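Novice: Below you'll find the structure I mean.
The values are calculated or read from the model by the stated rules, or taken from the named source; none is laboratory data. Quick caveat, the model's predicted, so the values are computed rather than measured. Here the Cβ is made from the backbone with ideal geometry for all residues, glycine too, and neighbour counts use every protein chain on show. What goes into the accessible areas is simple: the full protein's heavy atoms, side chains included, and nothing from ligands, DNA or RNA. Shrake-Rupley method; radii C 1.70, N 1.55, O 1.52, S 1.80 Å.
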Amino acid sequence: MAALIKAVGAEAAPLLAEIHAEAFTPDEAWGQNAIAMMLGLPGHFGLLAIKEDQPLGFALGRAQAGEAEILTIAVRPRVRQQGIGRLLVRALMTEAAQRGAAELFLEVAEPNTIALALYTSFGARQLGRRPRYYADGTAALILRIDLADSVKI
């Protein structure tokens, strides 16, 4: 059985924070209060990947005023490289397009070649670079995906 995507709200914040803590370093992990707050904001949404009742990963996004943003994507380490991240990006793009977004923006750590390859496979193009963006001093690349070219709804 393939993984399914389910919409989630602030009630899922404890689970999402648990997954985020597994997927990121302690300095990078988002707590349940931050996640719940984000999911309570207008235009923000959460998507959870599940297989056989096991939560595998999630994506948080926002879509407003014709544009969207990937806020975070977290996949449990034990199920990485199995297409869960790809499934979540595709679902987030579709949800954003259904909410009226024509373009999707995101930031990714410059040395994260796996994530860069994933986003590039969806047509992401680099718009800019933020030096020392992350707590460890790593730069972030600002990417854009044209949803009109990538998503057919």
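Novice: When only residues in segment 124-136 that are at pLDDT 95 or above and not in a strand (DSSP E or B) count, which is nearest to Ile73 (Cα to Cα)?
Specialist: Ranking the qualifying residues of segment 124-136, first place goes to Ala124.
Novice: Hey, among Leu88, Leu56, which residue is buried (at least 20 other Cβ atoms within 10 Å of the Cβ), at negative phi and touching a Lys or Arg at 6+ places or on another chain (Cβ under 7 Å)?
Specialist: Just a single option satisfies the conditions, and that option is Leu56.
Novice: Quick one: is Pro111 within 29 Å of Gln32 (Cβ to Cβ), free of Cβ contacts under 8 Å to residues at least 60 places away in the same chain and not polar (S, T, N, Q)?
Specialist: Judged against the criteria, Pro111 is a match.
Novice: Separate question: Can you run down the residue pairs with Cβ atoms below 8 Å, 6 or more apart or on separate chains, where the first is in segment 127-148 and under 18 Å from Ala117 (Cβ atoms) and open to solvent by less than 70 Å² (accessible area, probe 1.4 Å) and the partner is among the small types (Gly, Ala, Ser) and in a strand (DSSP E or B)?
Specialist: Thr138/Ala109; Ala139/Ala109; Ala140/Ala109; Leu141/Ala109; Leu141/Gly128; Ile142/Gly128
Novice: List every residue pair whose Cβ atoms lie under 6 Å apart, where the two residues are 6 or more positions apart in sequence or sit on different chains, the first residue falls within segment 66-87 and is in contact (Cβ under 8 Å) with a residue 40 or more places away in the chain, and the second residue, located anywhere, is assigned to a helix (DSSP H, G or I) and among the aromatic types (Phe, Trp, Tyr).
Specialist: No pair meets every condition.
Novice: Please go through segment 35-53 and give me each residue that is open to solvent by 40 Å² or more (accessible area, probe 1.4 Å) and more than 21 Å from Leu87 (Cα to Cα), ordered by number.
Specialist: Met37, Gly40, Leu41, Pro42
Novice: Restricting attention to segment 1-34, which residues are closer than 18 Å to Arg62 by Cα, open to solvent by less than 30 Å² (accessible area, probe 1.4 Å) and in contact with a strand residue (DSSP E or B) (Cβ under 7 Å, 6 or more places away or on another chain)?
Specialist: Val8, Gly9, Ala12, Leu16, His20
Novice: Then there is this: Test Glu69 against the stated conditions and say whether it is of a type outside the set (Gly, Ala, Ser), more than 10 Å from the chain's Cα centre (by Cα) and open to solvent by 20 Å² or more (accessible area, probe 1.4 Å).
Specialist: Judged against the criteria, Glu69 is not a match.
Novice: Could I ask something else about it? Cβ-Cβ below 9 Å, separation at least six or inter-chain, first residue in segment 30-49 and free of Cβ contacts under 8 Å to residues at least 40 places away in the same chain, second in a strand (DSSP E or B) and basic (Lys, Arg): which pairs?
Specialist: Matching pairs, first to second residue: Met38/Arg62; Leu41/Arg62; Pro42/Arg62; His44/Arg62.
Novice: Would you point out which residue out of Ala49, Ala68 is closer than 13 Å to Ala3 by Cβ and modelled with pLDDT of 95 or more?
Specialist: Result of the check over Ala49, Ala68: Ala49.
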